[in-house]
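The values are calculated or read from the model by the stated rules, or taken from the named source; none is laboratory data. This is a predicted model, so every value here is computed, not measured. Cβ: placed from backbone, ideal geometry, glycine included. Neighbour counts: every protein chain shown.
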Amino acid sequence: MIPHDRIEDENTTRARTHARDLVHAREFIARTNTDPEAVIAEVARFSAAAPSWALGTGGTRFGRFPIGGEPRTTEEKVDDVAAINALTGANRSISLHVPWDDPADPEALRQYAVERGIAFDAMNSNTFQDNPSTTRDGAVSYKFGSLCHSDVAVRDAAVQHNLECIDLGVRLGSKTITVWLADGTSFPGQANFRAQFERVLDGLRRIYAHLPADWRMFTEHKPYEPQFYSSVVNDWGSSLLLAQGTGDRALCLVDLGHHLPNANIEQIVSRLAMAGRLGGFHFNDSKYGDDDLTTGSIKPYQLFLIFLELLDAGNGRMPPLAYMIDQSNNLKDPLEDLMQATDAMQVALAQALLVDQQALRGAQDANDPALAQEILHRAYRTDVRPLVAEARRRNNAALDPIATYRALNSRTEKIRQRGLNAVATGI
Ligand SMILES: [Mn+2]
């Protein structure tokens with residue numbers, strides 16, 4: 001755990017500069033007919049879950065370069081999320097991935113997390129790998145798909161694994177199961193598109209039937225990888241069809257990296273929200289494909305536009321969706337990576353809150369695209385960092401999370417406790 005008084009000490013060294021910057025930011029923003037206090041409050045309310053599989057170093061198929069001190073158990077993963085939450089004040093939950101996480105005593109794990117201020121976000125099932133616990137000790141294989149498989153025994157095993165994830169999640173206090181399927185084909189003619197889709201729909205209905213009344217089920221689309229010709233849940237349209245064909249609490253999850261280049265993701269967000277089927281997000285960024293780069297590191301303007309659509313869906317506030325970070329790379333300390341993502345989301349949210357909605361509607365009604373762009377850019381180009389830092393301070397977190405993490409030698413301390421060779425599960 002990161003001691004709160006150490007964070008306070010670090011904040012004290014930055015307090016005067018922060019106060020000066022905040023006065024300036026407040027003055028500037030007040031001139032744009034926006035209440036800076038409302039922006040700070042909404043940013044302070046926001047939280048994004050950290051995924052248990054992004055707490056160790058990521059990698060590529062060419063290699064992985066562990067940095068040491070990675071969490072060896074799910075408890076240590078909770079510790080790491082508690083550590084970044086202490087610094088950001090905006091990562092109040094963890095999302096588990098079964099069976100990479102397979103707690104022997106879920107009630108004890110839940111208590112462990114509660115004591116550290118961490119809740120359990122969506123449960124993630126895994127039918128894209130063969131694991132003894134999900135493939136009936138090797139009796140079946142997901143090589144040719146899971147819910148879409150031609151063999152009913154494989155489909156049954158995949159359904160059963162999802163039911164077990166829900167049962168585990170109930171014991172942890174989770175309320176959501178996210179189903180991401182690697183199902184698809186790598187070669188034309190390999191399978192019938194329609195037969196695969198109908199089998200997936202049938203499997204999702206069976207999983208949905210097991211949901212407790214206060215649970216939701218998310219389907220997550222992706223156009224390609226690991227299959228390279230077709231995915232069954234290839235885009236938001238297929239995801240929406242599955243949700244609509246399953247039940248009211250079946251919703252769509254948007255992973256920013258799961259789109260073909262140049263897709264208008266903010267418009268997809270608007271469409272799904274309009275259809276009442278937007279359930280959650282996996283935040284990351286990409287240049288070429290599912291790169292899992294740090295949120296906001298490549299296309300920060302797109303991130304701003306996405307938050308603008310979220311505020312539109314929530315009538316000026318962030319709608320109560322499941323927000324999670326889903327990123328992984330080979331180069332950074334994963335905890336710093338997650339804190340940078342959290343900061344990028346808070347900055348994008350603050351910028352989106354600065355958009356003068358009344359003026360924007362006026363420009364739209366007057367068919368004045370130049371003015372509409374001026375209004376968006378005025379908000380996007382405002383330096384909102386003092387407001388975001390103030391939101392963190394009010395959440396008893398760090399004015400500067402990364403600098404504080406480094407000043408406290410947090411990684412060195414983890415290596416000392418867990419060892420240089422401690423490597424986390426997950427990819
Ligand atoms: Mn994802």
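The table below lists the values:
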| read-out | value |
| --- | --- |
| Any hit, region 251-263, residues being away from the ligand (no atom under 16 Å from the Cβ) and either within 25 Å of LEU55 (Cα to Cα) or touching a residue at least 40 places away in the same chain (Cβ under 8 Å) (or both) | no |
| Hits in region 97-109 - residues which are assigned to a helix (DSSP H, G or I) and farther than 16 Å from GLU76 by Cβ | PRO106, GLU107 |
| Residue under evaluation GLU37, criteria (1) without any contact (Cβ under 8 Å) to a residue 60 or more places away in the chain; (2) surrounded by fewer than 13 Cβ atoms within 10 Å (Cβ to Cβ), criterion not met | (2) |
| Every residue from region 277-330 that is within 13 Å of the ligand (Cβ to nearest atom), outside any strand (DSSP E or B) and within 25 Å of ASP383 (Cα to Cα) | ASN284, SER286, THR295 |
| Those residues of region 237-250 which are among the hydroxyl-bearing types (Ser, Thr, Tyr) and either over 16 Å from LEU211 (Cβ atoms) or within 16 Å of the ligand (Cβ to nearest atom) (or both), in sequence order | SER238, SER239 |
| In region 148-186, the residues that are assigned to a loop (DSSP other than H, G, I, E, B) and crowded, with 21+ Cβ neighbours inside 10 Å | CYS148, HIS149, SER174, LEU181, ASP183 |
| Unique residue being on the phi < 0 side of the Ramachandran plot, of a type in the set (D, E, K, R) and in contact (Cβ under 8 Å) with a residue 60 or more places away in the chain when the list is ARG317, ARG271 | ARG317 |
| Residue within region 71-85 that is away from the ligand (no atom under 16 Å from the Cβ), in a loop (DSSP other than H, G, I, E, B), more than 23 Å from GLU198 (Cβ to Cβ) and touching a Ser or Thr at 6+ places or on another chain (Cβ under 7 Å) present | no |
| Failed item, numbered, when ARG392 is tested on (1) touching a residue at least 60 places away in the same chain (Cβ under 8 Å); (2) surrounded by fewer than 20 Cβ atoms within 10 Å (Cβ to Cβ); (3) among the basic types (Lys, Arg) | (2) |
| Selection count, region 213-259, where residues are assigned to a loop (DSSP other than H, G, I, E, B) and either out of contact with any helix residue (DSSP H, G or I) (no Cβ under 7 Å at 6 or more places or on another chain) or not hydroxyl-bearing (Ser, Thr, Tyr) (or both) | 24 |
| VAL200 of a type outside the set (Ser, Thr, Tyr), crowded, with 24+ Cβ neighbours inside 10 Å and within 15 Å of the ligand (Cβ to nearest atom) | no |
| Members of region 233-266 found to be surrounded by fewer than 21 Cβ atoms within 10 Å (Cβ to Cβ), out of contact with any His (no Cβ under 8 Å at 6 or more places or on another chain) and not polar (S, T, N, Q), listed by number | GLY237, LEU241, GLY245, GLY247, ASP248, ARG249, HIS259, LEU260, PRO261, ALA263, GLU266 |
| Criterion violated by GLY145 - all others in (1) within 30 Å of GLU75 (Cα to Cα); (2) in a loop (DSSP other than H, G, I, E, B); (3) within 27 Å of the chain's Cα centre (by Cα) satisfied | (1) |
| Exclusive hit being without any contact (Cβ under 8 Å) to a residue 60 or more places away in the chain and within 16 Å of the ligand (Cβ to nearest atom), set ALA182, ALA213 | ALA182 |
| Residue within region 209-219 that is modelled with pLDDT of 95 or more and closer than 14 Å to GLY145 by Cβ present | no |
| Any hit, region 116-124, residues being at pLDDT 95 or above, under 29 Å from GLN346 (Cα atoms) and in contact with a Phe, Trp or Tyr (Cβ under 6 Å, 6 or more places away or on another chain) | no |
